[in-house]
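First the structure, in the form of structure tokens, and then the observations on it.
The values are calculated or read from the model by the stated rules, or taken from the named source; none is laboratory data. The shown structure was predicted, so the numbers you read here are calculated from the model rather than taken from an experiment. As a convention, Cβ positions derive from the backbone with ideal geometry for all residues, glycine included, and neighbour counts pool all protein chains shown. Surface accessibility is based on the protein's heavy atoms, side chains included, excluding ligands, DNA and RNA. Shrake-Rupley method; radii C 1.70, N 1.55, O 1.52, S 1.80 Å.
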Amino acid sequence: MPPTNTYTRQADEAAFLGLQSYTEAQSAFFFGRAAETDALTSLVELNTLTIVFGRSGTGKTSLLNAGVFPKLRKSFCLPFRIRLEFNDNSADLVTQIKRVLKNEIDKYGFKVESYPSSETLWEYFHKEPLWKTVTPIIVFDQFEEIFTLARTNPRFAAVELPLFWEELSDLIENTIPEKLKEKFLNQKEQVEFNYKKRKAKIVFSFREEYLPEFETIAAKIPSLKYSRFRLLPMNGDQAYEVITKTWKENINASEAKHLVSYFTNETGLDDYSLLTVEPSLLSQVCAYIDKERVESGGGKVSAELLNKYPKETILRSIYYEAVTEANNSLKRNEGDNRNIIKEFVEEKLITTEGYRTRYHLGSSDENLRPGIDVLSAKYFVREDDSIVELTHDVVAPIIKADREKRRTKAAQAKTRKKAMRIAALIILLALIGGAVLALVALIQKEKIETQRKQEEKLLEDAKLSLGQKTIELDDLQRQINEKKNQISGGPGTTDDADKPKDVQTLLDELNKLSDAFAALKLKTEADISALSLRLRNTPDVILPAGPTVHQLNKKLDSVQDLLNNGRLRFDALLTEYNSLNSKYENMVKDRDYWKNKYDSLLKIPPVPGGINPNNNKPAGHQSKNQFDTTNSLRLHLYYGKKYNAGLNPPSDLTIYLIPYNNNNSRIIKNSKVYEINCNENDLKKASNYKVAVYNNGYYYFSNVDGGKYFIKICTYYGGFYTYTKQSSGSMETINWDASPPIR
């Protein structure tokens, strides 16, 4: 075989690729997957067809390029990596394969008699002499697109896919194509090559949620059932190997172990084999640190560098970069500066307690699609049939902290706005009250002034009347005196006793009239003096039954004091609100906990005398204490709609629950593989293991204390699940999609 291209890394070049996949030329720097490389290489060499599946971000492309391909070349195999295109202007699928074959043959300088042309792939691989000594291996990478992009394009769905599967089926199963059967068999033409021997090998690599899709074509390609390889995330030991072998002398063991601890939220975990590490996040974190190392002049990944860039700083930076880019991909109204994607992640993808949860996208979330696609491309979320979840547990605490900070800030802003509205209302009411009082005072003052003017006019009128009466009385007095003189014959000529009686009577009347006049004059003068005194003692403003002007001024001063001290009063109100809000949130958490516990107890059917797992009827020989539903773990298995939502999983599955501890680590590690049936003899060696019993649609594990557990289903390609029970004394439910391979 011709030598492969090699790649030499410069001393000052970054050692990690971030989100990029490793190429075959970078195989010398691909670490941590030695066991997976050997296992997958052996499967490919031994089988005509091998399918490779794993969750998004586990590194399937890097494993094939940098791990498997170099080893296959040493065994005289020629891998052709193909990623099909499904654009409107793309060539048909079989032509795309033939183009890659020609380009790779020329790239490595092989001598061939012919390139693939109009003949079928089966015919080309059987007749070309090169494939007698070199085994061609066609590797379809990211092959899930055959079920997504191809099916949404009418041209490929209606025409291309049937022809494509027919060609691959003939090649994989070594079936003579229909159009050649008459030529070879009926017309008895001489066959110039050995058509009975398989020539090419096929590898399909895709995301594991599309594994059930392959079951639909297994009838046409039976080989799909036999050789399967599931790529799991790395464990802590593999992450340690990647870190130490990539940085080599540039990192010490203590710093490497400290860096591995970045990928778990559990403290004090000594057994790294129990730690799950997503390769995509490992590469991003190490690339971040390596960039800082290179920019600071190279050298070691020291404790000082890790202290400068601790776990939270790095994860937060990577997370913020992803959500910012995702948010920028959305169409938003001008002036809308919210990070809508970040709020979506905080509100929909973690629980109240801060654990990852799955969210079903609906029609109302369609505007978020570009942002979710960005997060998926950066391996921060995984999407399966419109169900989205976070890829990494370790970013959940950061997301929770940001959510609480945002909620607190929003609550404070709401409280501040409410307090300002109340303060403004108080001030407005005070100003209105002051204005009303001032208006009342003004009206009262005008009323008193009018009354005063009226009384002054009365006084003037009284004075005029008194003057007129005085004139009249004086005139009357003069007439009386004249009359007296006439009667007496002149002043002093006759004594009173000598006057006639009629004259004397007249004089008496005149004297009485004079006395009455004097009395009237005195009384009138007294009335005038009293009225004048009253006018002099009247105040400027008198408010009957109300505040005085002085009191109004004091009221206005108090309003001014309110304005001056308003800020202090507002701060006190805000402090009191924050305290009450904190107490309220704690009460909500307590309420949710007890409500969930109460609801769970209501939903669990009574279990009189225990549960018989064979017929779901009470078993008389069991007691209630043998199955305590108040401290249990419940599994709800269902089929996702991609498989068949109308069917229910079987009720006779054997399911094991094994606690995570150092004694069980080997058993758990060996069980993390899809295999036909389970090694139950090995599972039963686990300490404190439990077997589920079935009742009324659920599988139950009784008496399960809080902690981390490994759950294994013993069935066709038996699946497994890792779950952490939050507390003892409660019943928790796991909803588990049991679509194939769990069936």
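Residue under question is Ala430, and the condition is that it be closer than 20 Å to Asn339 by Cβ and among the small types (Gly, Ala, Ser); does it hold? When the stated conditions are applied, Ala430 does not pass them. Within the range 158-176, residues that are without any contact (Cβ under 8 Å) to a residue 60 or more places away in the chain sit with their Cβ atoms under 6 Å from residues that are open to solvent by less than 40 Å² (accessible area, probe 1.4 Å), at 6+ positions apart or across chains, in these pairs: Ser169/Ile221; Asp170/Trp122; Asp170/Pro177; Leu171/Leu121; Leu171/Trp122; Leu171/Ala200.
Considering the conditions (1) at pLDDT 90 or above; (2) open to solvent by less than 30 Å² (accessible area, probe 1.4 Å), Asn47 is excluded by exactly one of them, (2). Only a single item in (1) open to solvent by 70 Å² or more (accessible area, probe 1.4 Å); (2) modelled with pLDDT of 85 or more; (3) not in a loop (DSSP other than H, G, I, E, B) is not met by Arg316, and it is number (1).
Checked against the criterion of being in contact with a helix residue (DSSP H, G or I) (Cβ under 7 Å, 6 or more places away or on another chain), more than 30 Å from Arg151 (Cα to Cα), of a type in the set (Ser, Thr, Tyr) and open to solvent by less than 10 Å² (accessible area, probe 1.4 Å), the range 66-88 has no qualifying residue.
Being basic (Lys, Arg) and free of Cβ contacts under 8 Å to residues at least 12 places away in the same chain is the filter; apply it to the range 309-347 and report the residue that is farthest from Glu255 (Cα to Cα). Applying the filter and picking the extreme gives Arg332.
Within the range 141-151, the residues that satisfy the criterion of being over 21 Å from Ala219 (Cβ atoms), touching a residue at least 12 places away in the same chain (Cβ under 8 Å) and open to solvent by 10 Å² or more (accessible area, probe 1.4 Å) are Gln142, Glu145, Leu149.
Would you point out which residue out of Ala462, Ala413 is in a helix (DSSP H, G or I), modelled with pLDDT of 80 or more and either in contact with a Gly (Cβ under 7 Å, 6 or more places away or on another chain) or not polar (S, T, N, Q) (or both)? I'd like the intermediate steps shown before the answer.
Numbers: Ala462 fails: modelled with pLDDT of 80 or more.
Exactly one of Ala462, Ala413 is in a helix (DSSP H, G or I), modelled with pLDDT of 80 or more and either in contact with a Gly (Cβ under 7 Å, 6 or more places away or on another chain) or not polar (S, T, N, Q) (or both), namely Ala413.
Listed here are the helices (runs of 4 or more DSSP H) enclosed by the range 235-312 that have at least 1 residues being more than 24 Å from Ile668 (Cβ to Cβ) and among the acidic types (Asp, Glu): 253-260, 279-295, 303-308.
Is there a residue in the range 95-106 that is in contact (Cβ under 8 Å) with a residue 12 or more places away in the chain and assigned to a loop (DSSP other than H, G, I, E, B)? Taking every residue of the range 95-106 in turn, none turns out to be in contact (Cβ under 8 Å) with a residue 12 or more places away in the chain and assigned to a loop (DSSP other than H, G, I, E, B). Annotation note: of Lys245, Lys257, Lys220, the sole residue that is more than 30 Å from Gly297 (Cα to Cα) and charged (D, E, K, R) is Lys220.
Rundown of residues vs (1) surrounded by fewer than 18 Cβ atoms within 10 Å (Cβ to Cβ); (2) among the basic types (Lys, Arg); (3) under 23 Å from the mean Cα position of the chain (by Cα), yes/no style:
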site: Ile387; (1), (2), (3): yes, no, yes
site: His392; (1), (2), (3): no, no, yes
site: Asp402; (1), (2), (3): no, no, yes
site: Ala413; (1), (2), (3): yes, no, yes
site: Ala423; (1), (2), (3): yes, no, no
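The sole residue among Asp237, Asp271 that is of a type outside the set (Ser, Thr, Tyr), out of contact with any strand residue (DSSP E or B) (no Cβ under 9 Å at 6 or more places or on another chain) and at pLDDT below 85 is Asp271.
Only residues that are small (Gly, Ala, Ser) and within 30 Å of Lys348 (Cβ to Cβ): list them for the range 402-461, please.
Start the filter on the range 402-461 by keeping residues that are small (Gly, Ala, Ser), which leaves 410-411, 413, 419, 423-424, 430, 433-435, 438, 441.
Hits for the range 402-461 are Ala410, Ala411, Ala413.
Kindly indicate whether any position in the range 142-158 is under 43 Å from the mean Cα position of the chain (by Cα), among the β-branched types (Val, Ile, Thr) and at pLDDT 90 or above. Spell out how you get there, then give the answer.
To start, the set of residues in the range 142-158 that are under 43 Å from the mean Cα position of the chain (by Cα) comprises 142-158.
Keeping just the survivors that are among the β-branched types (Val, Ile, Thr) gives 146, 148, 152.
From the residues that got through so far, the ones that are at pLDDT 90 or above too are none.
No, the range 142-158 contains no residue that is under 43 Å from the mean Cα position of the chain (by Cα), among the β-branched types (Val, Ile, Thr) and at pLDDT 90 or above.
Consider the range 240-268 and keep the residues that are at pLDDT below 85 and of a type in the set (Val, Ile, Thr). The one that is most open to solvent (accessible area, probe 1.4 Å) is Thr267. Across the range 331-358, the number of residues qualifying as open to solvent by less than 20 Å² (accessible area, probe 1.4 Å), part of a loop (DSSP other than H, G, I, E, B) and at pLDDT 85 or above comes to 1.
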